[in-house]
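Q: Before I ask anything, here is the structure I am working with.
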Amino acid sequence: MKKLSKLLLALSFALSVTSSAFAVTAVSWGGAYTESQKLGYGDPTAKKLGIEINWVDYSGGLSEIKAQKEAGKITWDIIDVFAMDTITGCDEGLFVEFDFDKDFPPAPDGTPASKDFFAPMPSKCAVGNILYSWNYAYNTENVKGTPKTIKDFFNTKKFPGKRAIYKSALTNLEIALAADGIKPGKGGAKIYEALESEKGVQRAMDKIKKLCTDPKGGCVFWSAGAQPPELLVSGEVVMATGWNGRFFNAEVGEGAPIKQVWDGQGLDYEYFVLVKGGPNEADAKKALAMMTSTEMLAGSAKYIAYAPWRKSSLKVMEAGEPWYKDGKTNMVPQMPTAPQNTKNFFLVDPIFWADNGTELGEKWEAMKAGL
Amino acid sequence: MSNETKQILTTDGIPLEVSLKKAEKKNKIKAFLLVAPLLLFLIITYIFPIGDMLFRSVDDRMVTNMLPKTYKAMEKWDGKDLPPEEVFEAFYIDYKLLVEQKTFGKLATQLNYEKNGFKSILKKLKRKMKKFENENYKEQIMAVHKRWANVEYWRAIKRRAPDITYAKYLKAMDMFENEDGNISQVSEDRRVHRVLWLRTLEVAFFVTVFCFLMAYPIAHLLATLPMKYSNLLMICVLLPFWTSLLVRTASWMILLQQQGIVNDFFVWIGLVANDNRPEMMYNKTGTYVAMTQILLPFMVLPLYSVMKTISPSLMRAGKSLGGTPFVAFWKIYFPLTIPGIGAGCLLVFILAIGYYITPALVGGASGTLISNQIAFHMKSTLDWSFASAMGLMLLTGVLVVYWVYNKLVGVDNIKLG
């Protein structure tokens with residue numbers, strides 16, 4: 001049974017392979033994000049190394065790569081994944097472990113790679129590419145006054161109107177506690193401490209429930225990243241949590257009347273992993289090292305408002321302002337890691353979610369069912 | 001002698017019976033070879049994956065094989081208080097081996113399905129284990145994290161002992177088997193699956209009803225109008241059918257939102273006040289509207305193909321024999337369309353029961369269906385056995401509907417075209 005299943009899976013994957021055997025296959029989330037990766041560092045790296053890099057879209061999760069491995073026919077080399085997935089994949093032996101200082105080039109001033117990263121990697125298999133933010137934005141035409149803090153997001157008396165929040169528990173619980181008066185502490189440690197107890201989880205759920213059942217408030221749950229700016233612009237909601245790059249795109253790229261609020265934001269990371277036993281592992285490793293070098297990472301920030309993982313990349317951007325592709329907009333203040341944006345923030349904790357994701361997901365759905 | 005005379009021989013001297021059988025056998029093989037590709041295709045794409053799914057949903061040997069010594073030591077433990085030193089020692093030995101083989105991640109994932117919080121304490125144990133002294137494992141392990149001193153976690157390990165388990169099916173019904181072997185419900189704030197099952201059935205049922213109510217007149221019109229008009233109408237039915245599902249869902253979002261076109265129109269004709277626009281999306285209304293429209297062709301087409309074959313003279317005959325139009329319709333026309341209704345309803349219901357993109361996008365808080373949960377466990381938690389169990393339950397549900405239909409109407413009556 002098992003063998004036959006492997007054979008079948010192998011067959012289906014063999015059929016699905018259309019890329020040439022010599023190219024490196026990089027897998028990412030598609031849309032404007034993949035575009036920024038391709039233009040920012042994919043194409044320059046490919047040109048410099050003479051390696052072809054094919055960009056393939058996927059919708060996240062480890063199920064595909066796990067199925068490829070079970071079938072014994074791996075077709076992906078590099079994958080763009082969440083922190084949680086790098087931990088799971090690393091522990092299950094799906095990805096290559098790195099020696100950061102040896103495998104990745106130092107910063108231009110000689111700082112070793114591991115010291116140049118914004119924060120330590122969550123696992124030995126992960127090399128960061130961007131940091132993005134779960135912040136919120138509001139429609140300047142539909143909101144009277146200026147919301148400034150995360151508390152204002154929940155303040156329906158002062159700012160009446162519907163809110164859009166993410167469909168799952170991830171980051172919603174943290175934001176709720178930050179708005180309920182818990183100081184995040186260093187990197188959000190206090191929030192996660194509170195969420196370790198049933199009482200803390202209940203407190204967060206109650207906060208959300210109150211917002212969603214408030215006749216002056218109400219919730220719309222979004223599932224795709226393009227939704228929050230769209231909901232704001234159409235006037236469906238007055239405030240929405242979302243990914244800062246998408247808000248930036250609508251605000252600066254398209255001139256929509258929305259404004260971002262950084263107070264109480266959740267910083268989250270995106271990583272590249274190298275698949276163990278991928279079709280072109282050696283070339284992929286070379287390409288990965290180059291793509292995550294200082295200059296290259298800074299390149300992607302030309303096209304999207306996500307912060308490069310290397311501190312030295314910010315210096316490159318500062319020196320090159322205005323850095324945005326339109327040649328007018330300064331990019332450094334738009335970065336989720338900029339000092340004025342990180343006065344009150346938490347780091348999304350992948351280990352906490354790896355531990356408790358399923359149970360909190362169930363509680364979250366049960367809460368939603370009762371709305 | 002008498003026997004031989006009775007036997008009829010063919011020209012080459014072989015008894016006719018044998019010769020016939022031979023020829024028949026040849027034909028049978030030929031026929032079988034003709035259908036063999038299809039049969040093989042069915043086995044490979046249908047029977048085999050379902051079998052694999054069934055097997056996955058109950059197979060639980062992985063954990064048992066990873067912790068052989070632990071389970072041996074656990075046999076004597078009653079599960080009431082913390083296990084004795086031997087269990088801790090056996091666990092230490094088993095786990096150490098897994099760490100050396102670099103397969104401990106799989107154990108962490110599996111145990112985390114059973115009880116949340118295993119992942120981090122196993123990782124912590126892995127780090128601290130390097131400095132362990134050679135005895136008193138119980139104390140040393142318990143010192144790593146307070147959860148190791150919590151009997152719940154050890155019970156969770158023990159629950160994974162059997163090779164074959166139906167725990168995933170219980171979990172899909174928000175139940176679990178406690179250490180005494182009794183089946184009980186999970187705590188109230190975690191009961192989510194049953195809600196989702198009921199919601200899935202409810203959505204599928206109502207969408208089927210709405211589709212039927214709307215498709216019947218359309219199909220009737222299609223079947224009775226002159227060719228010139230019916231062709232145009234047919235295109236109107238088919239065009240959306242050929243359009244991408246996501247495009248159609250997104251268009252409904254533009255139409256139905258509070259600042260959307262439908263609401264704008266209502267305000268314009270003065271039906272509703274501008275500051276009191278009704279919510280037609282991010283609730284059940286949105287789900288029903290969008291799904292009904294998307295699945296409508298699956299009802300129209302079978303109905304149409306059946307109605308097309310009903311001769312108009314039958315209705316005329318009914319009326320000429322004294323029936324009112326309604327009686328003629330109800331006694332003659334409607335029964336003749338039942339095969340089409342059956343096919344359409346089954347099709348729509350089965351498609352609706354597995355739907356999730358549309359409800360997720362337009363359904364708001366009520367937009368999560370059981371298929372979203374299956375996708376979540378397939379993609380995010382990688383708990384494929386749980387996803388398999390839920391998938392099979394969904395399949396069983398469809399088969400039950402099919403069976404009920406067969407009992408009530410008869411499957412032979414289905415007509416797709």
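Q: Where in segment B:50-89 does the amide nitrogen come within less than 15 Å of the point 7 Å from the Cα of residue B:149, taken along Cα to Cβ?
A: Counting only backbone N, you get B:82-83.
Q: Label residue B:313 and residue A:224 with points 7 Å out from Cα along Cα→Cβ: what is the distance between them in nm?
A: Going from the residue B:313 label point to the residue A:224 one covers 5.4 nm.
Q: Between residue B:404 and residue B:180, what is the spin-label point distance in nm, taking each point 7 Å from the Cα along the Cα→C-beta axis?
A: The answer from the label model is 3.6 nm.
Q: For the pair residue A:186 and residue B:274, how long in nm is the line joining their label points, each one 7 Å along Cα→Cβ?
A: 5.5
Q: Can you tell me the relative contact order of segment B:193-413? Whole percent, Cα pairs under 8 Å, sequence separation 6 or more.
A: That works out to 27 percent.
Q: Determine, at each q value in 0.15 (inverse angstroms), the log₁₀ of I(q)/I(0) that the Debye formula gives when each Cα of segment B:2-58 is one equal point scatterer.
A: With one equal scatterer per Cα and no solvent, log10 I(q)/I(0) is -0.63.
Q: Please compute the length gained on full extension between residue B:36 and residue B:8, using 0.36 nm multiplied by the number of residues separating them and subtracting their Cα-Cα distance.
A: Fully extending the segment from residue B:36 to residue B:8 adds 6.6 nm.
Q: Would you list which lysines come within 24 Å of residue B:21, measuring only between C-alpha atoms, while excluding same-chain residues fewer than 8 positions from it?
A: B:6, B:30
Q: Please report the Cα spread of chain B along all three principal axes, rounded to whole Å, starting with the longest.
A: Computed over the Cα atoms, the extents are 104, 98, 35 Å.
Q: Starting from the Cα-Cα distance between residue B:334 and residue B:320, subtract it from 0.36 nm times their residue separation and give me the gain in nm to one decimal.
A: Extra length from residue B:334 to residue B:320 when fully extended: 3.3 nm.
Q: May I pose another question? List the longest stretch of chain B that has no exposed loop site; here a site is one of the GluC sites (Glu not before Pro) assigned by DSSP to anything other than H, G, I, E or B, with at most 14 other Cβ within 10 Å.
A: Answer from the scan: B:180-417.
Q: If I take R0 = 30 Å and measure r between the Cβ atoms of residue B:283 and residue B:188 in this structure, what FRET efficiency does the formula 1/(1 + (r/R0)^6) give, to the nearest 0.05?
A: 0.80
Q: Pairs of alpha-carbon atoms within less than 8 angstrom and 6+ residues apart define the contacts here; what relative contact order does segment B:62-163 have, in percent?
A: 37
Q: While we're looking at this one, here's another question. Mind pulling the angle between the C-alpha long axis of helix A:198-213 and the longest principal axis of chain A? Nearest 10 degrees, somewhere in 0 to 90.
A: 70
Q: In addition: How many partner chain Cβ atoms sit within 10 Å of a residue's Cβ in peptide A:347-358, on average, as a whole number?
A: For peptide A:347-358, the averaged partner shielding equals 4.
Q: Do you know the relative contact order of segment B:285-417, to the nearest whole percent, from alpha carbon pairs under 8 angstrom that are 6+ apart?
A: 34
Q: For segment B:193-413, state what percent of all Cα-Cα pairs lands in each successive 5 Å bin, counting from 0 Å until the bin that includes the largest distance.
A: 1, 6, 12, 14, 15, 15, 13, 10, 7, 4, 2, 0, 0, 0
Q: Please give the helix A:2-16 orientation as an angle from the longest Cα principal axis of chain A, in degrees from 0 to 90, rounded to the nearest 10.
A: 90
Q: Using the 10 angstrom Cβ neighbour count as an exposure proxy, how do A:312, B:313 rank, fewest first?
A: Final ranking by Cβ density, sparse to dense: B:313, A:312.
Q: Sorted by mean Cβ packing within 10 Å, highest first, what order do the peptides A:152-161, B:122-131 take?
A: A:152-161, B:122-131
Q: When only alpha-carbon atoms are used, what values of Rg and Dmax, in angstrom, describe segment B:62-163?
A: 12.2, 33
Q: How far is the Cα center of segment B:20-38 from the Cα center of segment A:140-179, in Å?
A: Here the two parts' Cα centres lie 71 Å apart.
Q: Starting from the Cα of residue B:161, move 7 Å in the Cα-to-Cβ direction to define the label point; list residues of segment B:47-72 whose amide nitrogen is under 13 Å from there.
A: Only B:64, B:68-72 pass the distance filter.
Q: Around residue A:176, with a cut-off of 9 angstrom between Cβ atoms, what is the net charge of the other residues, counting Lys and Arg +1 and Asp and Glu -1?
A: -1
Q: For the peptides A:358-369, A:85-96, what is the packing order when you average, over each peptide's residues, the other Cβ atoms within 10 Å and list the highest mean first?
A: A:85-96, A:358-369
Q: For chain B, take the longest principal axis of its alpha carbons; what is the angle in degrees between that and the long axis of helix B:227-242, to the nearest 10 within 0 to 90?
A: 10
Q: Restricting attention to the protein assembly as shown, give the cysteines that have no other cysteine Cβ less than 4.7 angstrom from their Cβ.
A: So far as the 4.7 Å Cβ criterion goes, B:211, B:236, B:345 stand without a partner in the protein assembly as shown.
Q: Before rounding to the nearest 500, sum -39500 (n - 2.57) across all DSSP H runs of length at least 4 in chain A and divide by the residue total; then give [θ] at 222 nm in deg cm²/dmol.
A: Estimated from H runs of four or more residues: -11500 deg cm²/dmol.
Q: While we're on this one: When the expected Rg is taken as 2.2 N^0.38 Å, what fraction or multiple of it is the alpha-carbon Rg of chain A?
A: 1.02
Q: How far, in nm, would the chain grow between residue B:173 and residue B:59 when pulled straight, counting 0.36 nm per residue and subtracting the alpha carbon separation?
A: Difference between extended and current length: 39.2 nm.
Q: Oh, and also: Taking the alpha carbon gyration tensor of segment B:19-121, what are the square roots of 5 times its eigenvalues, largest first, to the nearest whole Å?
A: Over the Cα atoms of segment B:19-121, the semi-axes work out to 52, 16, 13 Å.
Q: I've got another one for you. Compute the separation of the alpha-carbon centres of segment B:84-135 and segment A:263-325 and state it in Å as a whole number.
A: Between the Cα centre of segment B:84-135 and that of segment A:263-325, the gap is 35 Å.
Q: Also, quick follow-up: For the protein assembly as shown, what ratio Rg/Rh do Cα atoms give with a Kirkwood hydrodynamic radius?
A: 1.03
Just so you know, all these numbers are worked out from the coordinates, no wet-lab data involved. Given the structure is predicted, the values throughout are model-derived calculations rather than measurements. Because the Cβ atoms are built from the backbone with ideal geometry, glycine has one as well, and the counts that use them run over all protein chains shown.
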